[in-house]
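> Here you go, one structure.
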Amino acid sequence: MRRLEALQAIYPELERRVVVTIMGAVAAELQSLGHRPGFFYLQHAMGIASSIGLGIALCRPELEVVVLDGDGSVLMNMGGLTTMGRYRPPNLTHVVFDNESLLSVGGFPTATSAGSDLAAVAAASGIPATERVSDVDAFADAFNRALASDRLTTIVAKVDAHYEAPARTKGFVTDLGLLENRFQFARHLRSLVEER
Ligand SMILES: Cc1ncc(C[n+]2csc(CCOP(=O)(O)OP(=O)(O)O)c2C)c(N)n1
Ligand SMILES: [Mg+2]
């Protein structure tokens, strides 16, 4: 499965939600489909996107939060899975795009290329629902089921180690500065409180 196709399949749902991504290829691909004020592309702090998503989901139970993670990032912050499993907010959906590679820094193979199973690690960490998918239809189905359910779900989506360079972006970097994105995102979260 190509990750850009997977993102396209769920984009109509993402547009309306709070989304935190890891840095690099995933962020640039999501931004290429259309930026929204509810999208935060976490830079530099590898592994921590799921922890930020967890914090938002716990503090703002009325919001639906989606984290777009990577295999290398999860491997760097495996303890994050146990904290998610401990607090298991029902309004969080955790997608791990597993390309078995640190694609954004040159494509070095990760432990998942040698058989480590992140869905099994997530389940053993206490995450109540886990899925493994490897085609776009199964991914979209799993994602929609996770949104409709009231259980924290981790979906491990096997994707090609391939980057589809969006014309507007250079390398793996979005054209939105970290600080600009940070203030816009925080303002957006506050505006969602005011609307209620
Ligand atoms: C603490 C830390 N170490 C290393 C990096 C450099 N780095 C940025 S993205 C990345 C690879 C991320 O791999 P993965 O989560 O699998 O995403 P992919 O690039 O494959 O989509 C690395 C090593 C970083 N940003 N922070
Ligand atoms: Mg990867």
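Each value in this text was obtained by applying a stated rule to the coordinates, not by laboratory testing. Computed from a prediction, not measured in an experiment: that's the story for all the values here. Counting neighbours? That spans all protein chains shown, and the Cβs are built from the backbone with ideal geometry, glycine included.
> Count neighbours as other Cβ atoms within 10 Å of each site's Cβ, and list the trypsin sites (Lys or Arg not before Pro) in segment 78-170 that are DSSP loop with at most 13 such neighbours.
Arg168
> What residue among Ala49, Ala122, Ala114 shows peak mean-square fluctuation when the chain is described by a Gaussian network model with Cα springs under 10 Å?
Per the Cα network of the chain with a 10 Å cutoff, Ala114 tops the list.
> At 222 nm, what value in deg cm²/dmol follows for the chain if DSSP H runs of at least 4 each add -39500 (n - 2.57) and the sum is divided by all its residues, to the nearest 500?
Computed mean residue ellipticity for the chain: -13000 deg cm²/dmol.
> Given H placed on each backbone N at 1.01 Å, which residues far from Ala129 in sequence or on other chains put an amide H within less than 5 Å of it?
Sorted by chain and number, the residues that satisfy this are Thr154.
> Only Cα pairs within less than 10 Å get springs; with that Gaussian network setup on the chain, which residue of Gly85, Gly115, Gly38 has the largest fluctuation?
Gly115
> List the residues whose amide H sits under 5 Å from the amide H of Glu64, counting only those 5 or more places along or on another chain, with H placed 1.01 Å from N in the peptide plane.
Correct list: Val18.
> Now a separate question. Relative contact order for the chain: what is it in percent, counting Cα pairs under 8 Å that are at least 6 residues apart?
So the answer I get is 26 percent.
> Now, a different point. Within segment 1-19, find all residues whose amide N lies under 13 Å from a label point positioned 7 Å from the Cα of Asp135 along Cα-to-beta-carbon.
1-2
> Continuing with the same structure: Rounded to whole Å and sorted largest first, list the principal axis extents of the Cα atoms in segment 3-195.
47, 38, 30
> For segment 119-135, take each phi angle, set θ = phi - 60°, evaluate the Karplus expression 6.51 cos²θ - 1.76 cosθ + 1.60, and give the result in whole Hz per residue in order, putting x for glycine and proline.
5, 5, 5, 4, 4, 5, 7, x, 6, x, 9, 9, 9, 10, 9, 9, 9
> At most 16 other Cβ atoms within 10 Å and a DSSP loop assignment: could you name the GluC sites (Glu not before Pro) in segment 1-97 that fit?
For GluC sites (Glu not before Pro) across segment 1-97 that sit outside H, G, I, E and B with at most 16 neighbouring Cβ atoms in 10 Å, the list reads Glu15, Glu62.
> What's the whole-number percent of alpha carbon pairs in segment 65-175 lying beyond 17 angstrom?
The proportion of pairs with Cα distances above 17 Å equals 55 percent.
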